[in-house]
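Beneath this line is the structure, given in structure tokens, with notes to follow.
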Amino acid sequence: MDCIFCKIVAGEIPSNKAYEDDTVLAFYDLEPQAPVHILIVPKVHIASAAEITPENSAVIAHIFEVAAQLAKEKGLDDGFRIVNNCGEGAGQSVKHIHFHLMGGRTFGWPAG
Ligand code: AMP
């Protein structure tokens, strides 16, 4: 499958890893939008948040546990943002579900 994040999970494309276990990989975004900007992905290929089902949602819950742990480790005590872009209209450029964990600056709402 021609999926860049599957290739990162498989070690075929290098990444700057922040966390890894049996089901999840977290690595630093190549184009950081905040002082801390980590992508958290399931190792299994799920195309987007629109593909979450009762059968695959356990890994999504686990991703949020990992996000909380990483936020603590990175000292994001003032707050952090977790972003998922679902679908091209929402700005999803990589079709393997991923959650952006961003912190270290203040954020606007709904954008910025
Ligand atoms: P999205 O636009 O929500 O699909 O987010 C995709 C993110 O993946 C962007 O923030 C990119 O900077 C990031 N990205 C793309 N390729 C890589 C890569 N090889 N290593 C790390 N981050 C990447």
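The values are calculated or read from the model by the stated rules, or taken from the named source; none is laboratory data. Not measured: the values here are computed from a predicted model. Here the Cβ positions follow ideal geometry from the backbone for every residue, glycine too, while neighbour counts run over all protein chains shown. Please note that ligands, DNA and RNA were not included when accessible areas were found on the heavy atoms of the full protein model with its side chains. Shrake-Rupley method; radii C 1.70, N 1.55, O 1.52, S 1.80 Å.
May I ask you to list the residues in the range 29-46 that are among the hydrophobic types (A, V, I, L, M, F, W, C) and either modelled with pLDDT under 95 or open to solvent by less than 60 Å² (accessible area, probe 1.4 Å) (or both)? Within the range 29-46, Ala34, Val36, Ile38, Leu39, Ile40, Val41, Ile46 meet the criteria. Scanning the range 1-15 for residues being more than 10 Å from the ligand (Cβ to nearest atom), open to solvent by 50 Å² or more (accessible area, probe 1.4 Å) and in contact (Cβ under 8 Å) with a residue 24 or more places away in the chain gives a total of 1. Please verify whether the range 64-74 includes one or more residues that are within 15 Å of the ligand (Cβ to nearest atom) and among the β-branched types (Val, Ile, Thr). No, the conditions are met nowhere in the range 64-74.
Here the range 68-84 is the region considered, the condition is being among the acidic types (Asp, Glu) and assigned to a loop (DSSP other than H, G, I, E, B), and the residue that is least open to solvent (accessible area, probe 1.4 Å) is Asp77. When Ala34, Ala111, Ala18, Ala58 are checked against the criterion of being in a loop (DSSP other than H, G, I, E, B) and either more than 16 Å from the ligand (Cβ to nearest atom) or free of Cβ contacts under 8 Å to residues at least 60 places away in the same chain (or both), Ala111 stands alone in meeting it.
When each of Ala49, Ala26 is tested for being among the hydrophobic types (A, V, I, L, M, F, W, C), within 24 Å of Glu12 (Cβ to Cβ), within 13 Å of the ligand (Cβ to nearest atom) and open to solvent by less than 40 Å² (accessible area, probe 1.4 Å), the lone residue that passes is Ala26.
Residues that are open to solvent by less than 50 Å² (accessible area, probe 1.4 Å) and within 9 Å of the ligand (Cβ to nearest atom) within the range 85-96 comprise Asn85, Gly91, Gln92, Val94, His96, listed in sequence order.
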